[in-house]
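Structure first, commentary second.
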Amino acid sequence: MIMRYILLSLIVSLALYAKSGEEIFKKRCSSCHIKYIAEIKLIKNYENENRDLNLTAPTATEISFALKDRVGDRSGDIESQLMDIEDFLISYCNKPDRDKSILDDEVLINFDIMSPINLSEDEAEALAPYLFNLSEEMIVAHSVKRYSYKEALKKAKRENKIVMVEGFIRYCRGCMKMDREVFVEDRVKEALNRDFVVVKKNVLKEKLPFGLKSIGTPAFYFITNDGKKLIDMIQGTGTVDEFLGILDEIKKNLKNKKFLKIKS
Ligand code: HEC
């Protein structure tokens, strides 16, 4: 009961922070920091010395990924990482300094250093979870829809599609890279929407189909829509074109009835 209460109050307070965090961001940061631009466009823009987009500052989503990956202990518990992020925000905003920078040099080279902003502890406490969650929120908003495994099987059967289960863990850099650079791209979304139904599973917390053991992350398990056969499983990261190549390969394998033996 106590655990439940603590959990509930944590969720409620996170929700409150999320709201005021967004307001503070709008008021104090959004005049320079745009929320989201697709990664492929950003990479091109920085290669062209910021001439495509003429950004005043890096996007908040870029900052969100960097905070998650580079501030505090990313594999520890979220609450303590959020506290480290809060400290970092206070320190950076009040006294910006390249020695504290968390973004890549290729990004930073395009901007003058930020002017100091007086950020209070309360504001930082609200901004930390907002910025921490923003990258995931933006990726979900710009990627293909994900389903539960059960829903995915139903939908795949109805629409004659293949189920793709994506295995991830929270602090997996390769998973972040795929989310940022591959899954939000239109060509990938179209290919997935046409022939696949996607399920996302945290392999530390959720079971994989057929009791499969995780082969590392990110990993992609392709399953027939009767839920009985494993077409293939692939681990690692790749470019948009490489990933599209894999999807074609999977469709060919299904056509040729080429399956993997299931070892659980
Ligand atoms: C007047 C424009 C402006 C405003 C307002 C602004 N920033 Fe920035 N910010 C920048 C620029 C330019 C950079 C890139 C240069 C740098 O890193 O200092 C930046 C970079 C950052 C970085 C990355 C630091 C690094 O070097 O890796 C963080 C974190 C950040 N801003 C947080 C905030 C927060 C939080 C707010 C609102 C409370 C805010 N900024 C408001 C212009 C601004």
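Since every read-out is calculated from the coordinates, none of them should be taken as a lab result. Quick caveat: nothing in here was measured; it's all calculated off a predicted structure. No Cβ is skipped: glycine too gets one built from the backbone with ideal geometry, and neighbour counts run over all protein chains shown.
Worth a mention:
- Candidate lysines - alpha carbon under 25 Å from K95, same-chain residues fewer than 8 apart omitted: K26, K27, K35, K68
- Helix 186-195 and the longest principal axis of the C-alpha atoms of the chain enclose an angle of approximately 30°.
- In loop segments of segment 121-225 as defined by DSSP, the GluC sites (Glu not before Pro) with at most 16 further C-beta atoms inside 10 Å of their C-beta are E206.
- Other-chain or far-sequence residues with amide H under 5 Å of F196's (modelled H): I162
- In order through segment 23-36: 3J(HN,Hα) via Karplus (6.51 cos²θ - 1.76 cosθ + 1.60), integer Hz, x for Gly, Pro: 5, 5, 4, 4, 6, 10, 10, 6, 5, 10, 8, 5, 5, 8
- Applying a 4.7 Å Cβ-Cβ cutoff to the chain leaves C29, C32, C93 as cysteine residues with no disulfide-compatible partner.
- Evaluating 6.51 cos²θ - 1.76 cosθ + 1.60 at θ = phi - 60° for every residue in segment 135-148, the Karplus couplings come out as 4, 4, 4, 5, 5, 4, 5, 10, 9, 5, 5, 9, 10, 6 Hz, glycine and proline recorded as x.
- Modelled spin labels at R170 and I234, positioned 7 Å past Cα toward Cβ, are 2.9 nm from each other.
- Per-selection metrics, segment 10-155 (Cα): Rg and Dmax in Å: 16.4, 54
- Stretching the chain fully between L108 and D122 yields a gain of 2.3 nm (0.36 nm per residue, less the alpha carbon separation).
- Crossing angle, helix 78-94 versus the chain [Cα axis fit, 0-90 degrees, rounded to tens]: 40 degrees
- Remark: segment 121-129, residue by residue, has Karplus-estimated 3J(HN,Hα) of 4, 4, 5, 5, 5, 7, 6, 4, x Hz, where x stands for each Gly or Pro and the curve is 6.51 cos²θ - 1.76 cosθ + 1.60 at θ = phi - 60°.
- Separation in nanometres of the label points that stand 7 Å from Cα toward Cβ, at R194 and K150: 3.2 nm
- 25 °C / 0.890 mPa s Stokes-Einstein diffusion coefficient of the chain, Kirkwood radius on C-alpha pairs, µm²/s: 121 µm²/s
- Here S115 and D77 are evaluated by their C-beta separation; at R0 = 30 Å the FRET efficiency comes out at 0.35.
- Spin-label model, E206 to L260: label points 7 Å out along the Cα-to-beta-carbon direction sit 1.8 nm apart.
- Segment 146-255: translational diffusion in µm²/s, Stokes-Einstein, Kirkwood Rh over Cα pairs, 37 °C, 0.692 mPa s: 237 µm²/s
- Of the chymotrypsin sites (Phe, Trp or Tyr not before Pro) found in segment 101-168, those in coil by DSSP whose Cβ has at most 14 other Cβ atoms within 10 Å are F111.
- Within segment 202-264, the proportion of Cα pairs with more than 19 Å between them is 34 percent.
- The long axis of helix 149-159 is offset from the longest Cα principal axis of the chain by roughly 60 degrees.
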